[in-house]
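Trainee: Provided herewith is a single structure, encoded as structure tokens, for subsequent inquiry.
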Amino acid sequence: MRLEKCWFCSSTVYPGHGIQFVRNDAKIFRFCRSKCHKNFKMKRNPRKVKWTKAYRRVHGKDMTKDSTFEFERKRNRPERYDRNVKEDVLKAIPKIAKIRAIREETHHKKMKQGKHEKLRREAEKELKQGINMVKAPSVFQQDPSYTLPAIKVKVSQQKSVENHPMEE
Amino acid sequence: MAASFASRCSRVGRSLFSGLSNSSLGSAHEMTHNNYFSQQQRTFIQMRTVLKVVDNSGAKKVMCIQALKGKKGARLGDTIVASVKEAHPNGKVKKGKVVYGVVVRAAMQKGRCDGSEVRFDDNAVVLVDKQGQPIGTRVFGPVPHELRRKKHVKILTLAGHIA
């Protein structure tokens, strides 16, 4: 039994679920549900659709490189059954999941923090460079040369033309 | 003033605007219709369905004239009776002959034994004789593993890809 990944959203396709499309060059596209299949038929790019894993990876929303992902990999060589190994694996799964959750949380935190810091640094730099352009509002009141003189402009009012040739 | 004009327009040109909107809708529909072909609901292989022949028997295209099983028509893995519509000039099978064929690819999805579904790009057939032995000696493109359950092992061994 093999758990495949959905071609569109990269979620797990459990046996008996979804549909698979076989192209004439024998490439198999597996979809987890009709939503993904329909999006594929609409020729949407999963990298541009925001709810897919591909989008999140491309845009740095999710953790991509991590040693916890190494466990979940496609292997073409079937593992020989061993009771002890199986027990160890079953024990390790929740541990790995926990570690991954923690790492993902820190990744998200770091990502958000990094953005905040960057914005602040940029704003500070801009302020330093352009401090000569910023003046207190009282200066404008004292010196009339900074402000434009008030000009009155006459606006000619157009007469409305009541002519509608489309009218019946 | 603008408001009055708008109201007048809506009152006056209702028929005109409705006509316009109708035409625009029609054009949009046509545009979708062009793209619609790939997304239309695929159906059974029934009488007058033209299928591609994916072996080297000499036929290029056949038209289904009878599905040997099923009331609605044939599906993936079923056998059909077909008439050869296009053929290579010096092949085993000539144009106009009535032949048997196994549907090895169908655009309509078919349920698999585990409950998932499989769908192919096109409708394709491999020509066989009455005993179920393939006429050609090669099979092109992917074929489904369900053919084994239908006792068409020879086609499976000839095929390059099994999906």
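The values are calculated or read from the model by the stated rules, or taken from the named source; none is laboratory data. Every value quoted in this text rests on a predicted model; they were computed, and no experiment measured them. Because the Cβ atoms are built from the backbone with ideal geometry, glycine has one as well, and the counts that use them run over all protein chains shown.
Trainee: Of the conditions (1) more than 14 Å from chain A (Cβ to nearest Cβ); (2) surrounded by 17 or more Cβ atoms within 10 Å (Cβ to Cβ), B:Val118 clears all except one; give me its number.
Mentor: Evaluating B:Val118 over (1) more than 14 Å from chain A (Cβ to nearest Cβ); (2) surrounded by 17 or more Cβ atoms within 10 Å (Cβ to Cβ) leaves (1) as the failure.
Trainee: Let me ask something else about it. Any idea which of (1) out of contact with any Phe, Trp or Tyr (no Cβ under 6 Å at 6 or more places or on another chain); (2) within 13 Å of chain B (Cβ to nearest Cβ); (3) modelled with pLDDT of 95 or more is the one A:Ala26 doesn't satisfy?
Mentor: Only one criterion is unmet by A:Ala26, namely (3).
Trainee: Show the residue pairs that are 6+ apart or on different chains and have beta-carbon atoms under 7 Å apart, the first residue being within region A:52-63 and outside the structural domain of A:Lys115 (by TED's automatic domain parsing), the second being at pLDDT below 95 and among the small types (Gly, Ala, Ser).
Mentor: A:Thr52/A:Ser10; A:Lys53/A:Ser10; A:Ala54/A:Ser10
Trainee: May I ask you to list the residues in region B:81-114 that are assigned to a strand (DSSP E or B), within 21 Å of B:Lys151 (Cα to Cα), out of contact with any Cys (no Cβ under 9 Å at 6 or more places or on another chain) and not aliphatic (A, V, I, L, M)?
Mentor: Of everything in region B:81-114, those that are assigned to a strand (DSSP E or B), within 21 Å of B:Lys151 (Cα to Cα), out of contact with any Cys (no Cβ under 9 Å at 6 or more places or on another chain) and not aliphatic (A, V, I, L, M) turn out to be B:Tyr100, B:Arg105, B:Lys110, B:Gly111.
Trainee: I'm told B:Lys72 meets every condition in (1) away from chain A (no Cβ under 12 Å); (2) under 20 Å from A:Asn24 (Cβ atoms); (3) part of a loop (DSSP other than H, G, I, E, B) except one. Can you identify the failing condition by its number?
Mentor: Only one criterion in (1) away from chain A (no Cβ under 12 Å); (2) under 20 Å from A:Asn24 (Cβ atoms); (3) part of a loop (DSSP other than H, G, I, E, B) is unmet by B:Lys72, namely (2).
Trainee: For region A:29-59, which residues satisfy the criterion of being away from chain B (no Cβ under 14 Å) and in a loop (DSSP other than H, G, I, E, B)? Full working, then the answer.
Mentor: So the first thing to find is which residues in region A:29-59 are away from chain B (no Cβ under 14 Å), and the list is A:35, A:45-59.
Within region A:29-59, A:Asn45, A:Pro46, A:Arg47, A:Lys48, A:Val49, A:Lys50, A:Trp51, A:Thr52, A:His59 qualify.
Trainee: Considering only residues that are within 20 Å of the chain's Cα centre (by Cα) and farther than 19 Å from B:Asp121 by Cα, which ones fall in region B:144-154?
Mentor: The answer is none; no residue qualifies.
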